[in-house]
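The values are calculated or read from the model by the stated rules, or taken from the named source; none is laboratory data. Just so we're clear, the structure is a prediction, and the values are computed from it rather than from any experiment. Virtual Cβ from ideal backbone geometry, glycine too; neighbours counted across all protein chains shown.
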Amino acid sequence: MSKIVNIGINHLQHIGIPVTDIRVSEAFYAKLGFSNVMESDFVLDGDTGTCIMMQQGTILIEIYQLPEKKLAEIRTRKNGHIDHIAFDVNDIDASFSLLKENGYSILEEAPVFLSFWEKGCKYFNILGPDGERLEFNQVL
């Protein structure tokens, strides 16, 4: 086994999510309170894609749309996708109600209790435009 090397990781810098329609995803995350803080095109194999950094507080999500010729890779890729992103919230029940009232696709009927941490936690998930799961979690 290799020796553990302290390379000085401070915190999670950002989460990258491949998307199929950058504007749909930008609007989706904006409705959750994220702002477009940086947008740039990039070239991949001679074609142009777009990257947007969406930020809320200290959370930074990179959404990127590959060039049209490469989009099939996202749609058919079986590995490398993120299972879910979890956001810490202060009031899980209020968050659930607010997202439900605003028509988000919620996967659970109600926040789910788990006996994690000292007093447990409650969570629920919504789906993003490309099927990514966004978890809202409150440690009790």
Inset, instruction - Return yes or no: is Phe42 in contact (Cβ under 8 Å) with a residue 60 or more places away in the chain and either assigned to a strand (DSSP E or B) or of a type outside the set (Lys, Arg) (or both)? - result: no
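Residues are listed down the side, and each one gets a yes or a no for (1) surrounded by 12 or more Cβ atoms within 10 Å (Cβ to Cβ); (2) of a type in the set (S, T, N, Q); (3) over 18 Å from the mean Cα position of the chain (by Cα):
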residue: Asp21; (1), (2), (3): yes, no, no
residue: Leu32; (1), (2), (3): yes, no, no
residue: Val43; (1), (2), (3): no, no, yes
residue: Thr50; (1), (2), (3): yes, yes, no
residue: Thr58; (1), (2), (3): no, yes, no
residue: Gln65; (1), (2), (3): yes, yes, no
residue: Lys70; (1), (2), (3): yes, no, yes
residue: Ile92; (1), (2), (3): yes, no, no
residue: Tyr104; (1), (2), (3): yes, no, no
Inset, instruction - Within region 6-30, work out how many residues are assigned to a helix (DSSP H, G or I) and among the small types (Gly, Ala, Ser). - result: 3
Legend entry - Which numbered condition Gly33 fails, given (1) modelled with pLDDT of 90 or more; (2) of a type in the set (Gly, Ala, Ser); (3) not in a loop (DSSP other than H, G, I, E, B): (3)
Legend entry - Boolean, Phe87 is in contact with a Cys (Cβ under 9 Å, 6 or more places away or on another chain) and over 18 Å from Val24 (Cα atoms): no
Inset, instruction - Could you check, for region 129-140, whether at least one of its residues is assigned to a loop (DSSP other than H, G, I, E, B), surrounded by 12 or more Cβ atoms within 10 Å (Cβ to Cβ) and in contact with a Gly (Cβ under 9 Å, 6 or more places away or on another chain)? - result: yes
Inset, instruction - Could you tell me whether region 22-31 includes any residue that is more than 24 Å from Ala72 (Cβ to Cβ), without any contact (Cβ under 8 Å) to a residue 40 or more places away in the chain and not basic (Lys, Arg)? - result: yes
Inset, instruction - Of the conditions (1) in a helix (DSSP H, G or I); (2) in contact (Cβ under 8 Å) with a residue 40 or more places away in the chain, Tyr64 clears all except one; give me its number. - result: (1)
Inset, instruction - Please find, among Gly128, Gly120, the residue that is in contact (Cβ under 8 Å) with a residue 40 or more places away in the chain and either within 23 Å of Leu140 (Cβ to Cβ) or touching a Leu at 6+ places or on another chain (Cβ under 8 Å) (or both). - result: Gly128
